[in-house]
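Novice: The structure follows.
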Amino acid sequence: MKVVMNQITKTFFIGGLGSNFYHAKDFIEELDEKVVFLNPYIENIKNEEDLRNWFENEIKDFEEVYLIGHSLGGDLARYLASQFSQVTKLVLLDGGYLNLDKIMPLEDELADTKGYFKQQVFHDIEEVIASEKSQSSYWSKNLEEAVRNSYRYNIKTKEFELNLDLEKILNLLRLRRSIKPFETNLDSKDVLFIAPIYQEEPEWRKEALSQLPSNFKVTMLENCGHELYTQKPREIAIIINDWINKK
């Protein structure tokens, strides 16, 4: 019997900078679609070709792809949706719409990232978890596991440090500037954009939101922040499920 490939629709999720599967697990479990979590932050992606090749390898067995991206993951997702015809539906979670060159020079962003890496060093991972839990409006065992997986123990220094390769992250930040995801043409795609409403909106964000393409279905939410899918996993999933099922 001949097996027919490339006939299955699959949903993929790219989280924000440094996120891991456990950050997304509560959210993914609420989605109607089966979801594959993609982690570009562990890959050695230096340029557009690397990014396209990595994504192509992930989706090669599927004829149609739904793609969800958050923050930096949303920037990558919007660019990839413009490059691959298999991506028919795109969900952007507070990502894929900002021209960062208008907000911060690249060198400043890279310097801030290096400084953040140096600050994220701790003697006790349990204290980190307790701090994260105390500051969160929503908490679960999966989010606790997400924190544990976000750090690694350095035997030499006897400290916990970010479980990331700094150079790989810096490469992705550079790449985001060069691919300019906010300029990509997505007229042929179904796009859902979900983002929080802030009481005090900076002018650069107001301007960026006002320039969202007219074909985007825009949903703005109160009482949540940038990490909306970890703060309101069920609510965000319901919005996405309803949107996909109506298409």
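The values are calculated or read from the model by the stated rules, or taken from the named source; none is laboratory data. Remember, it's a predicted structure, so these values are computed and weren't measured experimentally. All Cβ positions, glycine included, derive from the backbone under ideal geometry; neighbour counts span all protein chains shown. In case anyone asks, the SASA skips ligands and DNA or RNA and just uses the protein heavy atoms, side chains included. Shrake-Rupley method; radii C 1.70, N 1.55, O 1.52, S 1.80 Å.
Residues checked against (1) farther than 23 Å from ASN142 by Cβ; (2) more than 11 Å from the chain's Cα centre (by Cα); (3) charged (D, E, K, R):
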{"position": "GLY15", "(1), (2), (3)": "no, no, no"}
{"position": "PRO40", "(1), (2), (3)": "no, no, no"}
{"position": "ILE45", "(1), (2), (3)": "yes, yes, no"}
{"position": "PHE55", "(1), (2), (3)": "yes, yes, no"}
{"position": "ASP61", "(1), (2), (3)": "yes, yes, yes"}
{"position": "ILE68", "(1), (2), (3)": "no, no, no"}
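Novice: Could you look through region 127-137, keep only residues that are in a helix (DSSP H, G or I) and closer than 15 Å to ASP26 by Cβ, and pick out the one that is least open to solvent (accessible area, probe 1.4 Å)?
Specialist: So, considering only residues that are in a helix (DSSP H, G or I) and closer than 15 Å to ASP26 by Cβ, the one least open to solvent (accessible area, probe 1.4 Å) is GLU132.
Novice: Let me ask another. If you take just the strands (runs of 3 or more DSSP E) that sit entirely in region 16-124, which of them hold at least 2 residues that are open to solvent by less than 70 Å² (accessible area, probe 1.4 Å) and over 19 Å from GLU145 (Cα atoms)?
Specialist: 64-70, 87-93
Novice: Could I ask something else about it? Show the residue pairs meeting these rules: Cβ distance below 7 Å; 6+ apart or different chains; first residue within region 180-202 and over 10 Å from ALA81 (Cα atoms) and of a type in the set (A, V, I, L, M); second residue assigned to a helix (DSSP H, G or I) and open to solvent by 40 Å² or more (accessible area, probe 1.4 Å).
Specialist: ILE194/ILE239
Novice: Can you name the helices (runs of 4 or more DSSP H) wholly within region 138-247 that have at least 2 residues being under 26 Å from ASN39 (Cβ atoms) and open to solvent by less than 70 Å² (accessible area, probe 1.4 Å)?
Specialist: Those helices (runs of 4 or more DSSP H) span 141-150, 166-179, 228-231, 233-246.
Novice: Pairs needed: first member in region 154-165, modelled with pLDDT of 95 or more; second member anywhere, charged (D, E, K, R) and in a strand (DSSP E or B); C-beta distance under 8 Å; at least 6 residues apart or different chains.
Specialist: Short answer, once both residue conditions are applied: ASN154/GLU161; PHE160/ARG152; GLU161/ARG152; LEU162/ARG152; ASN163/ARG152.
Novice: Right, here's the next one. Tell me which residues, restricted to region 86-139, are in contact (Cβ under 8 Å) with a residue 60 or more places away in the chain and of a type in the set (Ser, Thr, Tyr).
Specialist: Once the filter is applied, which keeps residues that are in contact (Cβ under 8 Å) with a residue 60 or more places away in the chain and of a type in the set (Ser, Thr, Tyr), region 86-139 yields THR88, TYR97, THR113, SER136, SER137, TYR138.
Novice: Looking at ASP112, ASP94, which one is in contact with a Ser or Thr (Cβ under 9 Å, 6 or more places away or on another chain) and not polar (S, T, N, Q)?
Specialist: None of the other options fit; the residue is ASP94.
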